[in-house]
Amino acid sequence: MAGENNIIRLGSNQTSAYIAGVIYGNGAGLTNLPKIGLSNGVAIGAGSGNSISTSNSDDSFIGGGYHNTIYPNTPNSVISGGTGNAASGGDETVGGGDSNVASGSESTVSGGSSNSAINDDSTVSGGSNNSASGAFTTVAGGSNNTAEDANSTVAGGAHNTASGGSLGGATVGGGDFNQATGSYATVPGGYENYASGAYSFAVGQQAQRCIKASLSGRTPAIPSSPPQAPTNSSFALKVALASTRIIRKARR
């Protein structure tokens with residue numbers, strides 16, 4: 001059109017258009033481009049309403065689904081599908097599901113609903129309303145579970161919390177409303193159990209640190225070397241004496 005340079009207009013009555021030469025640009029602002037590659041290895045496979053920022057989100061991919069988003073500064077990230085899922089931070093993976101968020105570096109949400117992995121190397125495998133908020137934490141499934149401090153794990157169940165304090169490492173195996181809040185504390189399951197001491201263990205129903213390795217916070221003593229086996233001579237003597245006693249009792 002007169003007065004317009006380097007502009008291509010496709011009107012509503014156009015049935016086809018042919019473009020020769022090279023089209024330049026970074027794809028910024030483009031959304032839901034099926035089976036097309038954008039700049040720097042960014043691509044959207046299919047679906048509707050999906051978007052990937054082209055601001056430092058190189059080599060990221062959305063396979064399909066609906067209204068999934070990869071945010072700026074999120075390179076090497078993948079959302080395979082699902083609805084309303086998001087990735088931000090870099091090297092995240094969301095397998096699918098609904099309203100899941102992976103925002104820690106190298107974090108993963110495999111599926112489920114309203115789950116979040118928000119710290120480095122954190123993982124939520126599935127379930128609903130679960131949160132892995134500490135570094136290297138894992139929630140395998142269930143609902144409303146939280147793994148808060150580093151290296152803590154909730155395997156399943158509902159409304160469970162593994163925090164672990166300053167050292168982390170707490171574990172809840174399952175059950176309902178259980179809490180492992182001491183460093184390396186463990187609740188294997190049950191209902192409303194509470195392990196708050198370091199290295200403590202609680203199981204059953206409404207138990208509190210029922211087996212305690214350390215309530216004072218002191219680390220249990222660990223032998224510097226494994227116990228030594230008895231020498232052959234002392235071991236043989238003990239066996240001989242025991243055999244003699246058995247024989248004497250048999251004769252009586």
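Computed from the coordinates by the stated procedures, all read-outs in this text should not be read as laboratory data. What you see is a predicted model; the values in this text were computed from it and never measured. Here Cβ is always computed from backbone atoms with ideal geometry, including for glycine, and neighbour counts include all displayed protein chains.
A few notes on this one:
- For segment 112-218, the alpha-carbon coordinates run over 38, 27, 11 Å along the three principal axes, in decreasing order.
- Distance from segment 125-167 to segment 72-96 (C-alpha centre basis), Å: 20
- Under a 5 Å amide H cut-off, with hydrogens placed 1.01 Å from N, Ser48 pairs with Gly65, Tyr66, His67 among residues at least 5 apart or on other chains.
- Antiparallel DSSP beta bridges within segment 112-218, percent to nearest 5: 5
- Ranked by how many other beta carbons lie within 10 Å on average, peptides 187-198, 45-56 from highest: 187-198, 45-56
- The H on the amide N of Gly168, modeled in the peptide plane, is under 5 Å from the matching H of Tyr184, each at least 5 residues off or on a different chain.
- Extension gain, Phe177 to Ala43: 0.36 nm times the residue separation minus the Cα-Cα distance gives 44.0 nm.
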